[in-house]
Structures are given as structure tokens and as C-alpha cells.
Amino acid sequence: MGLTNQKNRIMNIQLFEPAMCCSTGVCGPDVDDELVQISSDVDWLKSQGVEVNRYNLSQEPEAFKRFPEILEKLQTEGTGVLPIIVVDGNILMQKRYPNREELQTIISEQKERNSMNGVKESNQQLITQPVATLIAIGTAMSSNNEDALMQHVEAAKNAGVKMEDISRAMQIGQGVKDQSSRKLVEKANELLGIPAQNGCAPGSGCC
């Protein structure tokens with residue numbers, strides 16, 4: 001099991017913290033300045049659209065058990081390894097909290113990665129060679145081009161295209177041709193002043 005099961009998130013930061021008297025540790029007469037700062041940083045992260053989850057050992061021990069990597073560190077190194085900071089499923093830091101500058105760097109790097117991923121996705125080829133071959137088969141059928149049909153069917157077979165897909169491309173092309181023929185017949189009958197007759201030949205009066 002990974003450190004996080006979040007999907008479709010821009011960024012997720014998880015804080016696995018030592019035992020504290022409350023969820024943030026910012027309580028009581030003697031407050032740790034470091035906890036005050038990280039609480040402020042968490043609010044700032046959320047304002048930037050980052051999802052933040054905090055777990056402290058005294059109040060949410062079950063959360064630690066859900067993540068084998070964290071549990072293993074506790075068992076081998078003790079509670080002195082806390083806090084552990086996890087970013088998008090990867091342990092980024094342990095034994096201390098990141099400062100605001102480090103958090104800003106983390107966000108900037110993540111935005112850059114997201115931007116690069118967006119470029120890669122936009123550059124992905126939408127029409128592969130097998131798909132182009134199937135389009136050509138449909139076009140050959142619709143244009144009644146026997147030579148082209150034979151050529152593209154052979155190319156599709158060589159590319160490993162399934163016969164079911166080849167057949168479907170033929171059916172689509174035939175459907176386009178049939179629809180075009182029906183419209184032409186209807187126009188011809190209209191010019192003759194004869195009501196449409198379900199695709200019958202112009203002036204035949206069939207059906």
C-alpha cells in the first residue's frame with residue numbers, strides 16, 4: 001500500500017507528527033514556535049490549492065498503521081523520526097518541518113511538472129497508423145474504390161489490425177455511401193416531382 005491513495009490531485013502533502021495534545025499542537029500556555037509556524041504554513045498551503053492532511057501519533061495512531069513505510073520507520077528509528085513529511089506519496093523530509101521557502105519550492109516544482117505533463121499530453125498522437133488505415137478502408141468503401149480497398153485492407157492486416165475492426169470500418173464506409181445514394185435518389189425524384197420512395201430508382205414508382 002502506498003503512502004497516499006489520492007487520485008487526480010494537483011498536490012497532496014501529509015504530515016505525520018509526534019504525539020500532541022491537540023490536532024495542531026498550538027494549545028496550552030507554553031506553545032512551540034515551530035508548531036505555530038507550521039500551522040500558519042498549512043493555512044497558506046491550503047490557500048494555494050494544496051490538499052494537506054495532518055496526523056499526530058496520540059490522536060490518530062490508526063492513520064500511521066495505514067502506511068507501512070511510516071510504520072516501519074517508527075519501529076526501526078522510534079518516534080524521534082517524526083515529523084515525517086510526505087508529498088504526493090513520497091517521503092520528502094523527516095525529523096523536522098519544512099520552512100515556507102522550502103514549501104514554495106515544492107509547489108513551484110510541482111507546477112512545472114504539471115505543465116510539462118500537459119505539454120506531453122497535448123503532443124500525443126491522436127491518429128495512429130492502424131487508425132489511419134481503418135479510416136482509409138472506410139473511405140475506399142464510400143468512394144467505391146476497389147483497388148484502394150484491397151491495398152488498405154492488406155496494410156491493416158500487416159499492421160495487426162483485427163478483422164472485426166476492418167469489418168467495422170467497411171460497414172461505416174458502406175453506410176456513408178448508402179446514405180449519400182439515398183439522398184441523391186431523393187433529390188432526383190424531387191426534380192421529377194415524385195414523392196420520395198424509400199431510395200427507389202428515380203421515376204421507377206417502386207414501393
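The values are calculated or read from the model by the stated rules, or taken from the named source; none is laboratory data. Everything numeric in this text was worked out from a predicted model, so none of it was measured. Heads up, the Cβs are rebuilt from the backbone with ideal geometry, glycines too, and the neighbour counts pull from every protein chain shown. For the accessible areas, the whole protein counts, side chains as well, though only heavy atoms, and no ligand, DNA or RNA atoms are used. Shrake-Rupley method; radii C 1.70, N 1.55, O 1.52, S 1.80 Å.
State whether one or more residues within the range 151-161 are aliphatic (A, V, I, L, M), surrounded by 12 or more Cβ atoms within 10 Å (Cβ to Cβ) and closer than 30 Å to TYR55 by Cα. No, because not a single residue in the range 151-161 is aliphatic (A, V, I, L, M), surrounded by 12 or more Cβ atoms within 10 Å (Cβ to Cβ) and closer than 30 Å to TYR55 by Cα. Consider the range 67-97 and keep the residues that are touching a helix residue (DSSP H, G or I) at 6+ places or on another chain (Cβ under 7 Å) and part of a loop (DSSP other than H, G, I, E, B). The one that is most open to solvent (accessible area, probe 1.4 Å) is LYS95. Only a single item in (1) part of a loop (DSSP other than H, G, I, E, B); (2) more than 34 Å from the chain's Cα centre (by Cα); (3) surrounded by fewer than 16 Cβ atoms within 10 Å (Cβ to Cβ) is not met by GLY25, and it is number (3). For the list (1) surrounded by fewer than 16 Cβ atoms within 10 Å (Cβ to Cβ); (2) in contact with a Pro (Cβ under 8 Å, 6 or more places away or on another chain), I need the number of the one condition that ILE106 fails. It fails just one condition, (1).
Among the residues of the range 134-150, those identified as open to solvent by 60 Å² or more (accessible area, probe 1.4 Å) and not β-branched (Val, Ile, Thr) are SER143, ASN144, ASN145, GLU146, ASP147, MET150.
For the range 149-184, what are the residues that are of a type in the set (Val, Ile, Thr) and not in a helix (DSSP H, G or I)? Of everything in the range 149-184, just one residue is of a type in the set (Val, Ile, Thr) and not in a helix (DSSP H, G or I), namely VAL161.
One residue alone among ARG168, ARG96, ARG100, ARG182 is at pLDDT 85 or above, of a type in the set (Lys, Arg) and more than 30 Å from ILE13 (Cβ to Cβ), and that residue is ARG168. The single condition among (1) of a type in the set (S, T, N, Q); (2) open to solvent by less than 70 Å² (accessible area, probe 1.4 Å); (3) at pLDDT below 90 that ASN12 does not satisfy is (3).
Pick from the range 36-66 the residues that are buried (at least 17 other Cβ atoms within 10 Å of the Cβ) and charged (D, E, K, R): which of them is nearest to LYS95 (Cα to Cα)? Per the criteria, the residue is ARG54.
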